[in-house]
Amino acid sequence: MQLENSGRSEDAIRESQILLAEATDDNEKASLLGGMHVSYCKLGRLKEARQTLGQLKQLHISDLEVLLNAEFCEPTLLMQEGRYGEGLSAFAAMLDRHSEAFKDDRFRYLYEDIQRRRALVLFGLSRFTEALPILKEAISFSFDNVADEQQVHFALGVCHEDANDTQAAKQEFIRVVGFGLKNDVAEQALYRLAILHYKGGALAQARQQLEMILRDFPSQNPAVPRKQVYEGLSQTCHYLGDKANAKLYMDLAKGA
């Protein structure tokens, strides 16, 4: 586990294989195989991850935590293989099968991981209505990585926007930017926030958000195409009566 957590997945697999050859207890074997499965998935070695999963399924696991972590492997692998519908179904079945166990605080970490994955996959598939209630729950979860928390708030904002809850969407996009991470998610949140302000007639705020994108995200590969940003600024400046900047940004849009 220390090797895996330090990014040395290949070494973690080798150590696990050595320990696995010596293990006699199925629970211990399952823990080792589960760790190997995680390492193979991180390395993108999905064929070996699938083989390891096959070995896991042959074991008689009596320890509940080991069993839950072992069952967790298949849905995550299905999703990594691009079989999203099957992965979602497998996670839903797991939550139903172990509903009582997931009420135990000992397994809270696993429940939260499952719900985050379900929500973000549903969001990625544009199944916003299904993702919305899970994302509302997920913002209360604990996060090891602030970028993961930021992503959940962004997804929730998009789902609120899809549900025509403009005020809630704005609040989430503001939270996304408030994390202070100058990444693609923050850039997209600023653009969506600008569009919502524009549609609501808050033109000065829309202009401010768009200008923040140009100022804070001088990327060669922007998350929001610069043509869209320039066109938005041109229209906003036009309605604000700033004809000089409206022309400037339209010329930039044509050259973008």
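The values are calculated or read from the model by the stated rules, or taken from the named source; none is laboratory data. Computed from a prediction, not measured in an experiment: that's the story for all the values here. Cβ placement follows ideal geometry from the backbone for every residue including glycine, while neighbour counts extend to all protein chains displayed. Side chains included, ligands, DNA and RNA excluded: accessible areas come from the protein's heavy atoms. Shrake-Rupley method; radii C 1.70, N 1.55, O 1.52, S 1.80 Å.
Looking across Gln51, Gln17, one residue alone is more than 22 Å from Leu110 (Cα to Cα), open to solvent by 50 Å² or more (accessible area, probe 1.4 Å), in a helix (DSSP H, G or I) and modelled with pLDDT of 95 or more. It is Gln51. In the condition set (1) buried (at least 17 other Cβ atoms within 10 Å of the Cβ); (2) modelled with pLDDT under 95; (3) not polar (S, T, N, Q), Val66 is compliant with all but (2). Among the residues making up the stretch 114-147, those that are in a helix (DSSP H, G or I) and either touching a Pro at 6+ places or on another chain (Cβ under 6 Å) or of a type in the set (A, V, I, L, M) (or both) are Ile114, Ala119, Leu120, Val121, Leu122, Ala131, Leu132, Ile134, Leu135, Ala138, Val146, Ala147.
Any chance you could count how many residues in the stretch 35-76 are acidic (Asp, Glu) and touching a residue at least 40 places away in the same chain (Cβ under 8 Å)? The total comes to 1. The single residue among Glu10, Glu4 that is at pLDDT below 95, open to solvent by less than 70 Å² (accessible area, probe 1.4 Å) and assigned to a helix (DSSP H, G or I) turns out to be Glu4. Across the stretch 80-89, the number of residues qualifying as free of Cβ contacts under 8 Å to residues at least 12 places away in the same chain, open to solvent by less than 70 Å² (accessible area, probe 1.4 Å) and outside any loop (DSSP other than H, G, I, E, B) comes to 1.
Check Asn145, Asn164 and return the single one that is modelled with pLDDT under 95 and surrounded by fewer than 22 Cβ atoms within 10 Å (Cβ to Cβ). Unique residue meeting the criteria: Asn145.
Conditions (1) open to solvent by less than 50 Å² (accessible area, probe 1.4 Å); (2) of a type in the set (A, V, I, L, M); (3) modelled with pLDDT of 95 or more, marked per residue:
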| position | (1), (2), (3) |
| --- | --- |
| Leu78 | yes, yes, yes |
| Phe91 | yes, no, yes |
| Ser99 | no, no, yes |
| Arg108 | no, no, yes |
| Tyr111 | yes, no, yes |
| Ile114 | yes, yes, yes |
| Arg117 | no, no, yes |
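Residue-wise test of (1) open to solvent by 70 Å² or more (accessible area, probe 1.4 Å); (2) over 30 Å from Leu122 (Cα atoms); (3) without any contact (Cβ under 8 Å) to a residue 12 or more places away in the chain; (4) part of a helix (DSSP H, G or I).
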{"site": "Glu149", "(1), (2), (3), (4)": "no, no, no, yes"}
{"site": "Val176", "(1), (2), (3), (4)": "no, no, no, yes"}
{"site": "Gln188", "(1), (2), (3), (4)": "no, no, no, yes"}
{"site": "Gly201", "(1), (2), (3), (4)": "no, yes, yes, no"}
{"site": "Leu210", "(1), (2), (3), (4)": "no, no, no, yes"}
{"site": "His238", "(1), (2), (3), (4)": "yes, yes, yes, yes"}
{"site": "Gly241", "(1), (2), (3), (4)": "no, yes, yes, no"}
{"site": "Met250", "(1), (2), (3), (4)": "no, yes, no, yes"}
{"site": "Lys254", "(1), (2), (3), (4)": "yes, yes, yes, yes"}
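Collect the residues in the stretch 54-63 that are surrounded by 15 or more Cβ atoms within 10 Å (Cβ to Cβ) and among the charged types (D, E, K, R), keeping them in residue-number order. Answer for the stretch 54-63, where residues must be surrounded by 15 or more Cβ atoms within 10 Å (Cβ to Cβ) and among the charged types (D, E, K, R): just Asp63. Taking the criterion of being out of contact with any Leu (no Cβ under 8 Å at 6 or more places or on another chain) and under 20 Å from Gly241 (Cα atoms), the only residue of the stretch 183-195 that qualifies is Ile195. The set of residues in the stretch 20-48 that are more than 19 Å from Leu68 (Cβ to Cβ) and not in a helix (DSSP H, G or I) comprises Ala23, Thr24, Gly44, Arg45.
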